[in-house]
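Engineer: One structure coming up, written as C-alpha cells, with questions to follow.
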Amino acid sequence: RKEVEQDPGPFNVPEGATVAFNCTYSNSASQSFFWYRQDCRKEPKLLMSVYSSGNEDGRFTAQLNRASQYISLLIRDSKLSDSATYLCVVTNTGNQFYFGTGTSLTVIP
Amino acid sequence: SQTIHQWPATLVQPVGSPLSLECTVEGTSNPNLYWYRQAAGRGLQLLFYSVGIGQISSEVPQNLSASRPQDRQFILSSKKLLLSDSGFYLCAWSVRGGYEQYFGPGTRLTVT
C-alpha cells in the first residue's frame, strides 16, 4: 500500500466553482501534513500546512481527519490561476517525506 | 530572505557518463537539505537528506550519491548514469527541526 494516495483527476471546473481534493495516508503515526502546488515543469511550492484544527488562507481551506487518515484541500471561488497540480505531503519523523502523485486541476473560463 | 539555487536547469547526458548537480541555499544557516527525483507521471521520491556537513542519509539504493561539503551546499553525483536516472531533480531545504520544505527550480535530466 502506498504511503500517500491522491485521486489524479483531472478536475475541470468553471471559474468561481468550489472544488475539493482528498489525500489519504497509511501510517497512523504521521505527524505533519502539507499541501503543495506544482505548475507544469516547475518546482513544487508550499501552499499551506495542515493543522489538526483545520486552517484557512483566503480561498483555501485545509482539514485533517486523523480518525479516517486523510487530509483535504478546499478551494473556493476558483480562479484561472489556480490551475495546477496539487500535491499532498505527509511526514512521519521529520526526515521521511511522502508525496502524493498529485491531483490535476484545470479552471475553465 | 532565503533563496535556493540549482544548476544546471537542463542536462542531456549519455548513458555511462558521470553526473554532478549542485544546490546552494542562501539566507539561512544549518538547514536540512534534501534531494528528490520526480519521474514522469510519478510522485516525488526522496533520494538523500542531510542534517549537517558530511552527514548524508540515503533513502533509496541506487547508483547516485550525495555530498555536503559546506553548510549550504548539496551535491548529487553519479559515476555512470543509467537510462532510468532520467527525471526532474529537485533540491529542497527546511529549517533545522522544521518540516516545511522549500524547493529549488530543479534540473531536468535526460539520459540518452
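The values are calculated or read from the model by the stated rules, or taken from the named source; none is laboratory data. In this text the structure is predicted, and so the values were computed from the model without any measurement. Counting neighbours? That spans all protein chains shown, and the Cβs are built from the backbone with ideal geometry, glycine included.
Engineer: Go through the range A:57-66 and give me each residue that's of a type outside the set (Asp, Glu) and either touching a strand residue (DSSP E or B) at 6+ places or on another chain (Cβ under 8 Å) or at pLDDT below 95 (or both). Give the steps one after another, and end with the answer.
Structural biologist: First, pick out the residues of the range A:57-66 that are of a type outside the set (Asp, Glu): A:58-66.
If the condition is that a residue be of a type outside the set (Asp, Glu) and either touching a strand residue (DSSP E or B) at 6+ places or on another chain (Cβ under 8 Å) or at pLDDT below 95 (or both), then A:59, A:60, A:61, A:62, A:63, A:64, A:65, A:66 are the ones that fit.
Engineer: Pull up the range A:94-109, narrow it to residues that are more than 10 Å from the chain's Cα centre (by Cα) and more than 10 Å from chain B (Cβ to nearest Cβ), then point me to the one that is farthest from residue A:25 (Cα to Cα).
Structural biologist: Only one residue tops the list, namely A:109.
Engineer: In the range A:2-18, what count of residues is obtained for those that are in a loop (DSSP other than H, G, I, E, B) and crowded, with 17+ Cβ neighbours inside 10 Å?
Structural biologist: Of all residues in the range A:2-18, those in a loop (DSSP other than H, G, I, E, B) come to A:2-3, A:7-10, A:15-18.
In the following step, the residues that additionally are crowded, with 17+ Cβ neighbours inside 10 Å were identified as A:3.
Selection size over the range A:2-18: 1.
Engineer: Go over the candidates A:108, A:75 one by one and state the one that is over 16 Å from residue A:44 (Cα atoms) and surrounded by 19 or more Cβ atoms within 10 Å (Cβ to Cβ). Give the derivation first.
Structural biologist: Working: A:108 fails: surrounded by 19 or more Cβ atoms within 10 Å (Cβ to Cβ).
None of the others qualify; the one that does is A:75.
Engineer: Let me ask you something else. In the range A:35-53, what residues are in a loop (DSSP other than H, G, I, E, B) and aromatic (Phe, Trp, Tyr)?
Structural biologist: At the first step, the residues of the range A:35-53 found to be in a loop (DSSP other than H, G, I, E, B) are A:39-43, A:51-53.
Residue satisfying the conditions is A:51 alone.
Engineer: If you take the residues of the range A:54-68 that are of a type in the set (D, E, K, R) and part of a strand (DSSP E or B), which of them is surrounded by the most Cβ atoms within 10 Å (Cβ to Cβ)?
Structural biologist: Among those residues, the one meeting the criterion is A:56.
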